[in-house]
1. Report, ordered by chain and residue number, the aspartates and glutamates lying within cross-link reach of K72, taken as a straight Cα distance under 16 Å and ignoring same-chain residues fewer than 8 apart.
2. For the chain, build the charge dipole from Cβ charges (+1 Lys, Arg; -1 Asp, Glu) around the Cα centre, then report which of Y54, P70, S13 sits farthest towards its positive end.
3. What number comes out for accessible area per residue over the stretch 17-58 if the probe is 1.4 Å? Units Å², please.
4. Roll a 1.4 angstrom probe over the protein heavy atoms and tell me the percent of accessible area of the chain that is carbon or sulfur.
5. Taking the Cα atoms of the chain alone, what are Rg (to one decimal) and Dmax (as a whole number) in Å?
6. Normalising by the residue count of the chain, find the relative contact order in percent from Cα pairs under 8 Å and 6+ residues apart.
7. Which order do peptides 20-30, 44-54 fall in by mean Cβ count within 10 Å, highest first?
Amino acid sequence: DITNIITWQPPSSGERPVAYRIYRHADLTELAATVKANKELIFKDHNRRSGITYVYYIVSVNANGDLSAPIKIKVRPKQHSSS
């Protein structure tokens, strides 16, 4: 199982988010997960393939439901070899 693991920090200023949405496409149509801001800020995407660059977009959501601009994250998993 190849897993992409993404972690992030909350913003250092401005309004505190209540949740984060992680999307797999720039058009923000494929929601991969929602992470509550009071939980550990981590997303694990299982069953990925080695050698492919995956792109994720993290959007914060405030208490009014307003969304931030997306932050783009690129991940290229590596196949772990057993020796």
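1. D27, E30, D45
2. Working it through, the farthest residue towards the positive pole turns out to be Y54.
3. 60
4. Ligands and nucleic acids excluded, carbon and sulfur reach 47 percent.
5. In order Rg, Dmax, the Cα atoms of the chain give 14.0, 52 Å.
6. 34
7. 20-30, 44-54
The values are calculated or read from the model by the stated rules, or taken from the named source; none is laboratory data. Computed from a predicted model, the values in this text were never measured in an experiment. Don't worry about glycine lacking a Cβ; one is built from the backbone with ideal geometry, like all the others, and counts go over all protein chains shown. Accessible surface areas use protein heavy atoms only, side chains included; no ligands, DNA or RNA. Shrake-Rupley method; radii C 1.70, N 1.55, O 1.52, S 1.80 Å.
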